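Q: Structure incoming, see below.
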Amino acid sequence: LDPREAVAASQRAIGGTLGDHALTASDGRAIRTSDFRGRPLVVSFVYTGCFQVCPASTRALRDAIEPLIEAFGADSFQVISIGFNQPADSPTAMRAFAAQHGVNAPNWDFLSPPPAAVQALLRDFGFSYVATPSGFDHVVGVTVVDAEGRIYSHVYGERPRPDQLGEPLRQLLRAGEMPQRSAVSALVERV
C-alpha cells in the first residue's frame, strides 16, 4: 500500500455523497447507508481477523466517543464500524468483535456489507487496502460524514482523540441547528 496515494484517495472523497449501500447489522437487521441520514456519522473500517491495529483503533475510538456522547448526547450522532473483509466479517463476527473490545455504546453499530458491494462502498469513502500475508494493510482512521451523507473529514491515526472527532462533530451539529431553528421558532418555543 502506497501511504501517500491511500491518503490522497481518501482526501479526494471529501465532499462526495455516499451511495445508498446495503449493510447487515451484527444483530441481523438490514440497514442502508441512507438510513443514517439526518445526523452526523462517524465511520471506521475494520477486519475482524486483525490482531493488532483494528482492535487497538476500535478501543481507542470507543474511548474517544465516550466523552462525546456525554457532551453531545448519544442521539446527536451515530458511529458505525464496517467489516471490509467479506465474507469473513459476517454479522456474527462483527458482533463478537464488538463484544471482545467492549463496545456497547447505544449509538454504535457494527455492520457487514454484501461481498459484491464492498468495493463500491469503499470507493465512496476513499478507503484503500491491500492484502498481505498477515492480513491487510490499510489507512487507519475514521471518517466523519455530515447529516446529508457527504464525506466531511477524515481523522487519521490509530488513536483518535475526543477533540479530533469532537471538533468536526461540533461544526456539523452547529451547522445543522442553523437552518432548522429560525428566530420565529425560537420565539414560539419561549412563549
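Q: Return the total of residues in the stretch 80-90 being open to solvent by less than 60 Å² (accessible area, probe 1.4 Å) and either at pLDDT below 95 or of a type outside the set (S, T, N, Q) (or both).
A: Selection size over the stretch 80-90: 6.
Q: Six or more apart or on different chains, Cβ atoms under 8 Å: show the pairs whose first residue is in the stretch 116-141 and more than 13 Å from L18 (Cα to Cα) and whose second is among the hydroxyl-bearing types (S, T, Y) and assigned to a strand (DSSP E or B).
A: Listed pairs, sorted by first residue: F136/Y129; D137/Y129; H138/Y129; V139/Y129; V139/Y156; V140/Y156; G141/S44; G141/Y156.
Q: Scanning for something on the phi < 0 side of the Ramachandran plot, at pLDDT 95 or above, surrounded by 14 or more Cβ atoms within 10 Å (Cβ to Cβ) and among the polar types (S, T, N, Q), does the stretch 134-146 turn up at least one residue?
A: Yes, the stretch 134-146 contains at least one residue that is on the phi < 0 side of the Ramachandran plot, at pLDDT 95 or above, surrounded by 14 or more Cβ atoms within 10 Å (Cβ to Cβ) and among the polar types (S, T, N, Q).
Here is a yes/no grid of residues against (1) under 19 Å from Y129 (Cβ atoms); (2) polar (S, T, N, Q); (3) touching a Phe, Trp or Tyr at 6+ places or on another chain (Cβ under 9 Å); (4) open to solvent by 60 Å² or more (accessible area, probe 1.4 Å):
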{"position": "P3", "(1), (2), (3), (4)": "yes, no, no, yes"}
{"position": "A8", "(1), (2), (3), (4)": "yes, no, no, no"}
{"position": "L18", "(1), (2), (3), (4)": "yes, no, yes, no"}
{"position": "L23", "(1), (2), (3), (4)": "yes, no, no, no"}
{"position": "P40", "(1), (2), (3), (4)": "no, no, yes, no"}
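Q: Can you list the strands (runs of 3 or more DSSP E) lying wholly within the stretch 1-83 that have 1 or more residues being touching a helix residue (DSSP H, G or I) at 6+ places or on another chain (Cβ under 7 Å)?
A: Per the criteria, 22-25, 41-46, 78-83.
Q: Looking at the stretch 60-72, I want the residues that are under 15 Å from V140 (Cβ atoms) and have a partner that is part of a helix (DSSP H, G or I) and charged (D, E, K, R) with Cβ atoms under 9 Å, at least 6 apart or on another chain. Which pairs are those?
A: A64/D163
Q: Here's another thing I want to ask about it. If a residue has to be within 27 Å of A9 (Cβ to Cβ) and open to solvent by 80 Å² or more (accessible area, probe 1.4 Å) to count, how many in the stretch 91-121 make the cut?
A: Of the residues in the stretch 91-121, 3 are within 27 Å of A9 (Cβ to Cβ) and open to solvent by 80 Å² or more (accessible area, probe 1.4 Å).
Q: Limited to the stretch 145-167, what total is found for residues that are in a strand (DSSP E or B) and over 12 Å from L18 (Cα atoms)?
A: Adding up the residues that qualify gives 4.
The values are calculated or read from the model by the stated rules, or taken from the named source; none is laboratory data. Because the structure is a prediction, the values reported are computed rather than measured. Ideal geometry is used to build each Cβ from the backbone, glycine not excepted, and the neighbour counts take in all protein chains shown. Calculation scope for accessible area: heavy atoms of the full protein, side chains included, ligands and nucleic acids excluded. Shrake-Rupley method; radii C 1.70, N 1.55, O 1.52, S 1.80 Å.
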